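One structure is given below, encoded as structure tokens.
The values are calculated or read from the model by the stated rules, or taken from the named source; none is laboratory data. All of these numbers come straight from a predicted model, not from anything done at the bench. Heads up, the Cβs are rebuilt from the backbone with ideal geometry, glycines too, and the neighbour counts pull from every protein chain shown. Ligands, DNA and RNA are stripped out before the accessible areas are found, and what is left, the full protein with its side chains, is counted by its heavy atoms. Shrake-Rupley method; radii C 1.70, N 1.55, O 1.52, S 1.80 Å.
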Amino acid sequence: MTGTPRFSAEELQAARDRVVPDVAAGGLSVLLCGINPGLMTAATGHHFARPGNRFWPVLHLSGLTPRQLAPAEQEELLSYGLGITNVVARATARADELSAEEYREGGRILTEKVERLAPRWLAVVGVTAYRTAFGEKKAVVGPQDRTIGTTRIWALPNPSGLNAHWTAASMAEEFARLREAAGLPDLRAV
């Protein structure tokens with residue numbers, strides 16, 4: 001596993017508003033969807049790259065990956081039937097810099113993407129982002145009633161280190177529930 005590159009404050013600010021390409025393909029088992037890229041993600045071009053974000057450890061703890069991947073290994077997800085996209089494409093320092101309209105527009109764009117790629121599951125990593133993007137004000141973490149075509153939707157907890165309500169272990173349990181619903185094997189056992 002490679003270490004996290006170091007960037008100056010100026011280099012990180014220069015990454016503001018960049019778009020990070022999706023890691024996606026048609027027919028995935030699960031398309032994981034973050035809120036939007038952070039500045040470290042935009043600077044590196046790798047999803048969930050900020051140190052302290054628990055996304056990559058939780059993926060492994062849940063059995064979705066056979067080992068903890070580094071953000072630079074994100075393309076390996078495709079071999080496990082997984083992909084990554086975002087509700088809002090532009091990078092910001094914090095998700096609270098996004099407007100409700102950006103979330104709603106992101107939800108429209110995401111719907112089009114899901115219709116085109118047809119994953120079995122769309123997993124929105126951040127229940128608040130899901131609520132805002134899809135107008136589902138009372139949504140809770142877990143499987144949702146809404147579908148996009150034949151794609152089922154699951155709202156997952158946000159793995160940001162700022163989300164103290166969820167531990168890595170409790171998040172991994174929720175990600176594992178999704179893995180089981182998607183019919184994916186526990187890759188830690190392989």
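Computed with every protein chain present, the accessible area of Ser79 is close to 90 Å² [probe 1.4 Å]. The figure for Phe134 is an accessible area of roughly 20 square angstrom, using a 1.4 Å probe on the protein chains alone.
On the accessible surface of segment 101-141, probed at 1.4 Å, how many percent belong to carbon and sulfur atoms?
Values: 1110 of 2140 Å².
Percent of accessible area from carbon and sulfur atoms in segment 101-141: 52.
Averaged per residue, what accessible surface does segment 118-190 expose to a 1.4 Å probe, in Å²?
Here the residues of segment 118-190 average 51 Å² of exposed surface.
Sequence-ordered 3J(HN,Hα) estimates for segment 140-152 from the Karplus curve with 6.51, -1.76 and 1.60 and θ = phi - 60° stand at 10, 4, x, x, 10, 6, 5, 10, 10, x, 8, 7, 7 Hz, glycine and proline given as x. When Ser62, Ser8 are compared by accessible area of protein heavy atoms, the largest-first order is Ser8, Ser62, using a 1.4 Å probe.
Ordered by solvent-accessible area of protein heavy atoms (1.4 Å probe), largest first, the residues Glu115, Glu105 come out as Glu115, Glu105.
Less than 5 angstrom separates the built amide H of Leu32 from those of Gly83, Ile84, Thr85, Ala123, all sequence-distant by 5 or more or on a different chain. Along the axis of the charge dipole computed for the chain (Cβ charges of +1 for Lys and Arg, -1 for Asp and Glu, origin at the Cα centre), the listed residues Tyr130, Ala95, Leu69 are led at the positive end by Tyr130. Distance between the 7 Å Cα→Cβ label points at Glu73 and Asp186: 2.0 nm. Each residue of segment 9-19 is assigned a 3J(HN,Hα), and the resulting list reads 4, 5, 5, 5, 5, 5, 7, 4, 6, 5, 10 Hz, derived from the Karplus form 6.51 cos²θ - 1.76 cosθ + 1.60 (θ = phi - 60°), x at Gly and Pro.
Charged side chains reduced to their Cβ positions (Lys and Arg at +1, Asp and Glu at -1) give the chain a dipole of some 260 debye around its Cα centre. Net length available on complete extension from Glu112 to Ser99 is 2.7 nm, with 0.36 nm assigned per residue and the Cα-Cα distance removed. Considering only alpha-carbon pairs that sit under 8 angstrom and 6 or more positions apart, the relative contact order computed for the chain is 28 percent.
The heavy atoms of Trp154 offer some 10 square angstrom of accessible surface to a 1.4 angstrom probe.
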